[in-house]
Amino acid sequence: MKEITTDDRLFYFSRNWFTLDGLWIIEVEKATNFDMALAIDLAVWKELFRIVYRRIKEYLKADTKTIAGVIDVLAFRWSCEGWEYTIEQGSSREARVSITKCPYKAMMGRNKDRTAVIPRICKDICIPIYETAIASLNPAVKMQRTKFMGLGDDVCSFELTLDEKH
C-alpha cells in the first residue's frame, strides 16, 4: 500500500469535492431536467450539511447554544472549502458575516455553460441549505440575509441573532 500524507489527502479531497458536486448536478440534469436536478440536489445538500455540521460541532466541541459556537462551525467549513469571509461579532447574541468569495460561484463562473444558472443555484439551493443547516445547529438562531453574490451583490450577508426566548 502506498504511504500518503495528510497533505496528500487534503489535495485529493479538496480538489475532488467541488468536481463531484458539479458533475453530480450536471448528470442528474441530463437524466431528468434542470428543475428536477435542483430538487434532488437540494435534498442531498440539506441532509449532507445536517450531518457535516453535526460532525464539525462534535470535532470542535462547539457550544452551538451560542452565536459564537454556530459561527465557529460555519467558519470551519468555509475555511476548509476556501471561502473568503469576515465575521463581526456584535455581542454574545448576534453576529454578522460577509462572504466575499464563494468557491461554488467561482467554479460555476469559470464554466461558460454554467454561469447562467448561478442565480438559480443561489436561490434554490444555497439559501434553503443555510436555513436548514443553521436550524440543525440551534433552532433558536434566527438568520437574516439581504445580500447574495449569486444574485448580483458584491457579498453574501448573514445576520445571526439568538432568539430572546432562549
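FYI, it's all coordinate maths here, none of it is from the lab. Every value quoted in this text rests on a predicted model; they were computed, and no experiment measured them. No Cβ is skipped: glycine too gets one built from the backbone with ideal geometry, and neighbour counts run over all protein chains shown.
General observations
- The convex hull built on the alpha-carbon positions of the chain has an orientation-averaged projected area of 11.3 nm².
- Sparse-neighbourhood loop sites, GluC sites (Glu not before Pro) in the range 1-66 - DSSP loop, at most 13 other Cβ within 10 angstrom: Glu3
- Under DSSP loop assignment and at most 11 Cβ neighbours within 10 Å, longest trypsin sites (Lys or Arg not before Pro)-free interval of the chain: 3-60
- Degrees between helix 34-60 axis and first principal axis of the chain (Cα, 0 to 90, nearest 10): 50
- Between helix 67-81 and the chain: long-axis angle, C-alpha atoms, 0 to 90°, nearest 10: 20
- Residues in the range 78-100 reached by a label modelled at Leu10 [backbone nitrogen below 16 Å; 7 Å Cα→Cβ]: 78-83
- Helix axis angle, 127-137 relative to the chain longest principal axis, alpha carbon, degrees: 50
- Multiplying the residue separation of Arg145 and Leu60 by 0.36 nm and subtracting their alpha-carbon distance yields 28.0 nm.
- Checking the Cα-Cα distances for Lys65/Lys142; Lys112/Lys147; Lys101/Lys147 against a 21 Å cut-off, the pairs over it are Lys112/Lys147.
- Unit charges on C-beta of K, R, D, E only; dipole of the range 6-162, Debye: 160
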